[in-house]
Amino acid sequence: MDDVHLTMPTLATAALTAVGALVSCPVLFQGFRRRGKGVKYERNFVIQRLPQLVSLTNIALIIYAFLAGDGVIKSPLLPAVHQGALLGGGVAPLVSWLGVAVLVSGLVFMIGGWYSLGEAFSTDAELLDGQTVKKDGLLRFVMHPAYSGIIQSLLGASIAALSLPCVLFTAFVVAPLWLNRAKYEEKLLVDTFGESYVEYGKQLKWRRLIPSFFPIGI
């Protein structure tokens with residue numbers, strides 16, 4: 001246990017995650033209650049479950065990287081999952097704190113996105129009865145703030161954990177799956193609301209994940 005050294009970025013990440021979980025409980029509870037009750041719902045594993053499963057896998061890998069890097073568990077994979085030694089004692093903390101900052105942004109977008117959707121929020125990709133085109137809250141800045149926030153949160157935590165494999169997993173596995181789900185939802189909304197949703201998309205420059213006030217993005 002002498003080698004265990006929980007760093008401040010590790011503790012900050014844990015605290016932020018705990019606060020985020022607490023704040024999101026009410027809206028997630030309602031989202032789970034609405035799940036699968038949409039007037040338009042496709043039971044497609046790649047759309048509905050795969051993004052969630054790979055996100056959970058990413059979380060598990062991030063936790064492993066934190067625990068291995070801080071010496072909580074002894075891992076022969078430490079050099080592969082945690083690049084703290086490669087960065088050095090001067091740079092590693094700065095990189096970790098950068099990751100914490102990205103995590104904060106991600107939690108704001110993720111949880112704020114859920115609350116912005118209000119009664120239109122479901123934990124599955126579907127069109128609910130009585131749903132309208134939502135343009136309030138964080139939806140004024142990006143078309144899918146919750147998905148953007150999920151990706152930002154996982155990317156930020158990966159950086160905070162000093163784990164290049166987790167960063168790459170987020171960027172090249174998790175993000176494309178959520179983007180694919182976002183495009184599926186857009187098709188549902190365009191088919192249902194037509195020009196009203198198209199105008200909303202044009203207003204935000206079809207920025208699905210990166211807010212429109214940034215000069216470039218997707």
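The values are calculated or read from the model by the stated rules, or taken from the named source; none is laboratory data. This structure is a prediction, so every number in the text was calculated from the model and none was measured. When we count neighbours, we look across all protein chains shown, and the Cβ atoms used for this are built from the backbone with ideal geometry, even at glycine.
Return a yes/no flag: does segment 91-114 have any residue that is in contact with a Phe, Trp or Tyr (Cβ under 9 Å, 6 or more places away or on another chain), more than 19 Å from Ile63 (Cα to Cα), at pLDDT 95 or above and surrounded by fewer than 20 Cβ atoms within 10 Å (Cβ to Cβ).
Scanning segment 91-114 turns up no residue that is in contact with a Phe, Trp or Tyr (Cβ under 9 Å, 6 or more places away or on another chain), more than 19 Å from Ile63 (Cα to Cα), at pLDDT 95 or above and surrounded by fewer than 20 Cβ atoms within 10 Å (Cβ to Cβ).
State all residues of segment 156-173 that are buried (at least 24 other Cβ atoms within 10 Å of the Cβ) and within 22 Å of Ala125 (Cβ to Cβ); if no residue qualifies, say none.
Answer for segment 156-173, where residues must be buried (at least 24 other Cβ atoms within 10 Å of the Cβ) and within 22 Å of Ala125 (Cβ to Cβ): just Thr170.
How about segment 83-98: which of its residues are part of a loop (DSSP other than H, G, I, E, B) and touching a residue at least 40 places away in the same chain (Cβ under 8 Å)? Full working, then the answer.
Residues of segment 83-98 part of a loop (DSSP other than H, G, I, E, B): 83, 88-91.
Hit for segment 83-98 is Gln83, nothing else.
Evaluate segment 184-193: report whether one residue or more is among the charged types (D, E, K, R), under 25 Å from Ser153 (Cβ atoms) and surrounded by fewer than 15 Cβ atoms within 10 Å (Cβ to Cβ).
Pass one, segment 184-193, residues among the charged types (D, E, K, R): 185-187, 191.
If we keep only those that are under 25 Å from Ser153 (Cβ atoms) as well, we get 185-186.
Checking which are surrounded by fewer than 15 Cβ atoms within 10 Å (Cβ to Cβ) leaves us with none.
For segment 184-193, residues among the charged types (D, E, K, R), under 25 Å from Ser153 (Cβ atoms) and surrounded by fewer than 15 Cβ atoms within 10 Å (Cβ to Cβ): absent.
For segment 121-133, which positions are under 19 Å from Arg208 (Cα atoms) and either within 19 Å of the chain's Cα centre (by Cα) or surrounded by 17 or more Cβ atoms within 10 Å (Cβ to Cβ) (or both)?
Initial filter on segment 121-133 (under 19 Å from Arg208 (Cα atoms)): 121-127, 132-133.
If the condition is that a residue be under 19 Å from Arg208 (Cα atoms) and either within 19 Å of the chain's Cα centre (by Cα) or surrounded by 17 or more Cβ atoms within 10 Å (Cβ to Cβ) (or both), then Phe121, Ser122, Thr123, Asp124, Ala125, Glu126, Leu127 are the ones that fit.
Which number in (1) exposed (fewer than 15 other Cβ atoms within 10 Å of the Cβ); (2) closer than 27 Å to Val173 by Cβ marks the one condition that Leu6 misses?
Status for Leu6: all satisfied but (2).
Scan segment 33-40 and give yes if some residue there is outside any helix (DSSP H, G or I) and free of Cβ contacts under 8 Å to residues at least 24 places away in the same chain, otherwise no. Before the answer, list the steps.
Step one: of segment 33-40, the residues outside any helix (DSSP H, G or I) are 35-40.
Still in the list and also free of Cβ contacts under 8 Å to residues at least 24 places away in the same chain: none.
No: zero hits.
Cβ-Cβ below 6 Å, separation at least six or inter-chain, first residue in segment 61-82 and part of a loop (DSSP other than H, G, I, E, B), second buried (at least 16 other Cβ atoms within 10 Å of the Cβ) and modelled with pLDDT of 90 or more: which pairs?
These pairs meet every condition: Asp70/Thr10; Ile73/Leu67; Ser75/Ala68; His82/Ala65; His82/Ala68; His82/Gly69; His82/Leu162; His82/Ser163.
For Ile47, which of the numbered conditions (1) loosely packed, with under 13 Cβ neighbours inside 10 Å; (2) under 22 Å from the mean Cα position of the chain (by Cα); (3) hydrophobic (A, V, I, L, M, F, W, C) fails to hold?
Single failed check for Ile47: (1).
Taking segment 181-202, which residues are over 28 Å from Leu50 (Cβ atoms) and free of Cβ contacts under 8 Å to residues at least 12 places away in the same chain?
From segment 181-202, those over 28 Å from Leu50 (Cβ atoms) are 194-196, 199, 202; that's our starting set.
Across segment 181-202, the qualifying residues are Gly194, Glu195, Glu199, Lys202.
In segment 184-218, what residues are of a type in the set (Val, Ile, Thr), over 24 Å from Asn44 (Cβ atoms) and in contact with a helix residue (DSSP H, G or I) (Cβ under 9 Å, 6 or more places away or on another chain)? It would help to see each step written out before you state the result.
If we filter segment 184-218 for residues that are of a type in the set (Val, Ile, Thr), which is where we start, we get 190, 192, 198, 210, 216, 218.
The next check asks that each one be over 24 Å from Asn44 (Cβ atoms); those that pass are 210, 216.
Within segment 184-218, Ile210 is the sole residue that qualifies.
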